[in-house]
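The values are calculated or read from the model by the stated rules, or taken from the named source; none is laboratory data. All of these numbers come straight from a predicted model, not from anything done at the bench. Using ideal geometry, Cβ is built from the backbone for each residue, glycine included, and neighbour counts are taken over all protein chains shown.
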Amino acid sequence: MSLRIAIIVTHLLGVGHLTRAAALARALAARGHAVQLISGGQPTPLLRAEGVELIQLPALHVVGTAFSDLREGDGAPLRPETARRRIAITGDALRRLQPHVLVTELFPFGRRALGTEFKAILDAAAQLARPPLVLASVRDILARPAKQAKIDAAHALLRARYDGVLVHSDPALAPLEASWPIASDLKPRLHYTGYVDDSRPAAPLAAADRSHGDIIVSGGGSAAALPLLNIALAAAAADPQQRLWRLLVGHKVAEDAMASLRLAATPNVVIERARPDFRELLRRCAASISQCGYNTALDILATDAPAVVAPFTEAGETEQAQRAALFAARGLVQNLALEGATAATLLAAIGAAQAGSRAGDHGVAVNGAGRAAKIIEQLAAGRTPVASHGAPALVASLAATLQPARAALDRAADAGRTVAFWHRDDDAIAPTPQLERLLELTRAHGTPLAIAAIPAHATPELAARLASERHVAVLVHGLSHENRAPGDARKGEFSHGEPAELAQRAADGLARIRALFGAQARPVFTPPWNRISPALTPRLAGVGFAGLSTFRQRPARFAAPGLVQVNTHVDPIAWRGDRSLADQATLAETLRQAIACFMAAADPEPVGLLTHHLAHDARIDAFVAGLLDLIASHPAARITAIDDALDRKTATPGQEKAATPR
């Protein structure tokens, strides 16, 4: 499927964010997708955007590291009318493209000064005819805010408006948690891509072939590297070998600064603007001197250049220092603190870099552009957004649908009670995008999930996929999920037949589930179509089952001696209609009644949500997400695992009425 994808980025100091976003855009375009790259920073002449629709907003920048002081091209503070025009241009672009996927670079982890703009863009996307999947895109290392409130605000936005986060890093080198305290419920939304570097230079030269190369000093895209460039000039003057030093100055550095550098240069120094053949220069250099921005670090990895990095640390910036430390620990660079650095210390660091020059594979994943494109395709195939729930009309209607349940929970809270829920999903066979959506949704809410797998058809791939999902238990969904009912009888696999044969088939199903899923298997029988022969029920405990789960209110806790019944009560699918979301008024009343039954029972049964992930569409996903949101956020609601629901110690057959109310 060809996707329409919008990527929004505003780079303010260097060009790293734009370069990374453009690499992702090109990778997506190369796979046949229509891509908009909406850039809100200053244009750069070295940007590669082939195959991509580039939309330039009225450009912004900052002076130094004052990221909250946004400036327009003429140096004036951001004007309200310019801010409105940027939002309008972006909104028009989104309405024209109608994207399947929207990617915001850095926000909401950063760019807080543009928070109003990004939130307006998210609102515009939510109002499209088909709201897009929304993803954040971040580099390997983030700047952690000093105030916890800013972290909490970013996490709240992720929960409410985002479906995932593309982390352009190798987690073996730089996991996001090393620089940002990501909340545990959001970790399942992280998708590591590897470092985004789609340039493919020729093979690096051997160390001997570099001996007559230049010393390459690169200053990135901005004036932030001027202190390093000045130290490099002093080192060039003191270089006992009088090698050629080539200083590459960013295009955002003013001409008067360039003139000052040229005045201070000795004859063995060449000063010029940053070049598109930078990788080739590094490939042949005797040594590289630079800061340690994201893209510069990748240039070093790609060329095996003996490298000295002096990370940018002004105004409390820590990103480059952390990256430099990680790379130095692997022997990939020499790390030189710029503060206190001299010509002598720089020359010594160059010598150490050359002496320790590595050869061979650096072991860092740098296929991030292609990998990110595949992840986006997989997430888009998994359908609708988890968090943004679609258009405002749907959001409003779902809020109204859940209001009676919220009111019932409010009454439970007033009575000092807690209503228990549980979640069963039927018909799992193999890993699918729909299953991924469900797993992501339940992980995001921290909710246990009981998956009823079809024993005869469940694959080893499904078992392998679920093995790492600690919140998942696997139930026995019949044996083959085939209709064995006679004639015009309602469909059922275990609703008719000779009891002994039915019991043996159920036992075969349990054996298969245990063999395939091991410790995740639970001896709970869930008959297909929720129909079971009354003659089979008393035989289930004898073949190893501890529980039975069908649909609607159970008549008693024990369906038979030794067999606890834990049913489901809320199914959001209109099976006899269009197979989308069921009538919302009916759903609202079903939920209200299920909570009322729980409150009224002496031995209450957890309210059961029944889903069928393979049949879900956007509206069903939105309802499930809304219900799980309500359960997770309401003080009188909790969601329980199947193990807790099966606890048989609290009552025995015939004693249900005497159980202590919860």
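Working only within the stretch 553-608, note down all residues that are small (Gly, Ala, Ser), touching a Pro at 6+ places or on another chain (Cβ under 7 Å) and assigned to a helix (DSSP H, G or I).
Ala588
Among the residues that make up the stretch 494-517, is at least one of them crowded, with 18+ Cβ neighbours inside 10 Å, of a type in the set (D, E, K, R) and either part of a loop (DSSP other than H, G, I, E, B) or touching a residue at least 40 places away in the same chain (Cβ under 8 Å) (or both)?
yes
Name the single residue, out of those in the stretch 591-644 being among the β-branched types (Val, Ile, Thr) and within 18 Å of Asp425 (Cα to Cα), that is farthest from the chain's Cα centre (by Cα). Write out each step before concluding.
Narrowing the stretch 591-644 to residues among the β-branched types (Val, Ile, Thr): 595, 607, 611, 620, 624, 631, 639-640, 642.
From what's left, within 18 Å of Asp425 (Cα to Cα): 607, 611, 620, 624, 631, 639-640, 642.
Details: Val607: 30, Thr611: 23, Ile620: 21, Val624: 19, Ile631: 23, Ile639: 24, Thr640: 25, Ile642: 28 Å.
If we take residues in the stretch 591-644 being among the β-branched types (Val, Ile, Thr) and within 18 Å of Asp425 (Cα to Cα), then Val607 is farthest from the chain's Cα centre (by Cα).
List the pairs whose first member sits in the stretch 626-641 and is in a helix (DSSP H, G or I), whose second member is of a type in the set (Ser, Thr, Tyr) and surrounded by 18 or more Cβ atoms within 10 Å (Cβ to Cβ), and whose Cβ atoms are under 8 Å apart, counting only residues at least 6 apart or on separate chains?
Close Cβ pairs (under 8 Å, with a partner that is of a type in the set (Ser, Thr, Tyr) and surrounded by 18 or more Cβ atoms within 10 Å (Cβ to Cβ)) amount to Gly626/Thr401; Leu628/Thr442; Leu628/Thr447; Ile631/Thr447; Ala632/Thr447.
Residues in the stretch 158-179 that are crowded, with 19+ Cβ neighbours inside 10 Å, out of contact with any Ser or Thr (no Cβ under 9 Å at 6 or more places or on another chain) and within 30 Å of Gly626 (Cβ to Cβ): how many?
Residues meeting the conditions: 2.
Among the residues of the stretch 252-299, how many are over 12 Å from Ser218 (Cβ atoms), touching a Lys or Arg at 6+ places or on another chain (Cβ under 6 Å) and not in a strand (DSSP E or B)?
Residues meeting the conditions: 2.
Restrict the check to the stretch 8-29 and report whether at least one residue is at pLDDT 90 or above, surrounded by fewer than 18 Cβ atoms within 10 Å (Cβ to Cβ) and part of a loop (DSSP other than H, G, I, E, B).
Among the residues of the stretch 8-29, not one is at pLDDT 90 or above, surrounded by fewer than 18 Cβ atoms within 10 Å (Cβ to Cβ) and part of a loop (DSSP other than H, G, I, E, B), which makes the answer no.
Just the residues that are buried (at least 17 other Cβ atoms within 10 Å of the Cβ), among the aliphatic types (A, V, I, L, M) and over 39 Å from the mean Cα position of the chain (by Cα), please, taken from the stretch 523-546. Give the derivation first.
We begin by selecting, within the stretch 523-546, every residue buried (at least 17 other Cβ atoms within 10 Å of the Cβ); these are 523-533, 536-537, 539-541, 543, 545.
Then drop every residue that is not among the aliphatic types (A, V, I, L, M), which leaves 524, 532, 536, 540-541, 543.
Those that are buried (at least 17 other Cβ atoms within 10 Å of the Cβ), among the aliphatic types (A, V, I, L, M) and over 39 Å from the mean Cα position of the chain (by Cα): Ile532, Leu536, Leu540, Ala541, Val543.
Quick one: which residue in Ala365, Ala302, Ala352 is buried (at least 16 other Cβ atoms within 10 Å of the Cβ) and in a helix (DSSP H, G or I)?
Numbers: Ala365 fails: in a helix (DSSP H, G or I); Ala352 fails: buried (at least 16 other Cβ atoms within 10 Å of the Cβ).
Unique residue meeting the criteria: Ala302.
So, Leu449, is that one within 23 Å of the chain's Cα centre (by Cα), surrounded by 19 or more Cβ atoms within 10 Å (Cβ to Cβ) and of a type in the set (A, V, I, L, M) or not?
Details: within 23 Å of the chain's Cα centre (by Cα): yes; surrounded by 19 or more Cβ atoms within 10 Å (Cβ to Cβ): yes; of a type in the set (A, V, I, L, M): yes.
Criteria met by Leu449.
Does His155 satisfy the condition of being assigned to a strand (DSSP E or B), touching a Leu at 6+ places or on another chain (Cβ under 9 Å) and surrounded by fewer than 22 Cβ atoms within 10 Å (Cβ to Cβ)?
no
Mind listing whichever residues of the stretch 457-491 are crowded, with 18+ Cβ neighbours inside 10 Å and farther than 24 Å from Trp422 by Cα?
Scanning the stretch 457-491 gives a single hit, Arg484.
Take the stretch 264-274 and flag every residue that is at pLDDT below 95 and out of contact with any Leu (no Cβ under 9 Å at 6 or more places or on another chain).
The answer is none; no residue qualifies.
For the stretch 75-89, give me each residue that is of a type outside the set (D, E, K, R) and in a helix (DSSP H, G or I).
Pro80, Thr82, Ala83, Ile87, Ala88, Ile89
Is at least one residue of the stretch 574-583 assigned by TED's automatic domain parsing to the domain that holds Ala625 and more than 30 Å from Phe623 (Cα to Cα)?
no
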